[in-house]
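What follows is a short report on a single structure.
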Amino acid sequence: MKIGRSFRFTNALVRSPARSIADGLRAHGQPDPDHKTFMSEHDAYVDQLRQSGLNTTILPSLEDYPDSVFIEDAALCFDGVAVVLRPGAPSRRGEAPALLQPLGELFSETHQLGGEGFVDGGDILLTDTDAFIGLSERTNRQGISALELILARYDYTVRVVETPPGVLHFKSACGLLDSETIFATRELAATGCFQDYRVIVAPDGEGPVANLVRVNDDVIMRSGFPKSELLLKDEGYSVKVLCVGEAAKVDGGLSCMSLRFTLD
Ligand code: CIR
């Protein structure tokens, strides 16, 4: 096992937002995202990944799949290995087969989730040693068992956890800060699921910021959450702030718009 494998990366894969993003799934009837504004926020996101040291490949948009910009839900990547998942939402199932070719070109080892179960990448938090996988409306036990068979080969201990009620994905409520530290909402931290880790709790009222990403030396977080920004800067992290307001209208955050990984 390599220390830092959970946040030291060389590459990222993103998918350009489709014009159909206005039809993206959302839980609470938020307004439609505007494609042009989404594009400019996405450009800034890609710029930041590149500034954080990632060789970033942009895949073309998929108009038939409004939510396909949220590429992280359709695959899991680590250490030169790609696993094509099976998203839980029926309208998103086709996003996974669409990744087979691009991932096959980049990775020497690719797997497809076996069986009939479902897993969304947004429900998987990888640390250097553990794969926390949240049961959610998108991820079920059958899917987790199939993924466990694959992950066991790569030195990950699978920890099945509960996504808090009303939260879309497990990682909507947490993000990795470093090999020992996780940032989490108060509600998720209180479950005790991260007992072997140092947990920094998101300030009250700033729950949505928990879905941050650590990329090499930087922690990338959503704008508009000043208490969290200050807290993480005080903890010594190099914080980069991005606006993802259009993604948020369809329940998207920061982690879900990229797959981050290391290629030799
Ligand atoms: C969905 O409901 O599937 C999309 N509108 C948003 C997915 C965001 N993905 C994530 O948090 N991992």
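The values are calculated or read from the model by the stated rules, or taken from the named source; none is laboratory data. Just so we're clear, the structure is a prediction, and the values are computed from it rather than from any experiment. Virtual Cβ from ideal backbone geometry, glycine too; neighbours counted across all protein chains shown. We work out accessible area using only protein heavy atoms, side chains counted, and drop any ligands, DNA or RNA first. Shrake-Rupley method; radii C 1.70, N 1.55, O 1.52, S 1.80 Å.
Taking the criterion of being under 22 Å from Arg8 (Cβ atoms) and among the β-branched types (Val, Ile, Thr), the residues of the range 101-132 that qualify are Thr110, Ile124, Thr127, Thr129. Only residues that are open to solvent by less than 50 Å² (accessible area, probe 1.4 Å) and part of a loop (DSSP other than H, G, I, E, B) were counted in the range 13-52, giving 7. Pairing each residue of the range 160-188 that is among the basic types (Lys, Arg) and modelled with pLDDT of 95 or more with any residue that is surrounded by 24 or more Cβ atoms within 10 Å (Cβ to Cβ) and part of a strand (DSSP E or B), provided the two are 6+ apart or on different chains, yields C-beta distances under 7 Å for Lys171/Leu125.
Each row is one residue, and each column tells you yes or no for (1) modelled with pLDDT of 95 or more; (2) more than 16 Å from the ligand (Cβ to nearest atom); (3) open to solvent by less than 70 Å² (accessible area, probe 1.4 Å).
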position: Thr56; (1), (2), (3): yes, yes, yes
position: Glu63; (1), (2), (3): yes, no, no
position: Asp73; (1), (2), (3): yes, no, yes
position: Val81; (1), (2), (3): yes, yes, yes
position: Gly88; (1), (2), (3): yes, no, yes
position: Ala96; (1), (2), (3): yes, no, yes
position: Phe107; (1), (2), (3): yes, yes, yes
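Could you list, in sequence order, the residues of the range 139-152 that are at pLDDT 95 or above and either over 18 Å from Ala75 (Cβ atoms) or open to solvent by 40 Å² or more (accessible area, probe 1.4 Å) (or both)?
Across the range 139-152, the qualifying residues are Asn140, Arg141, Gln142, Ser145, Glu148, Leu149.
Residues that are among the basic types (Lys, Arg) and within 12 Å of the ligand (Cβ to nearest atom) within the range 18-51 comprise just one, Arg26.
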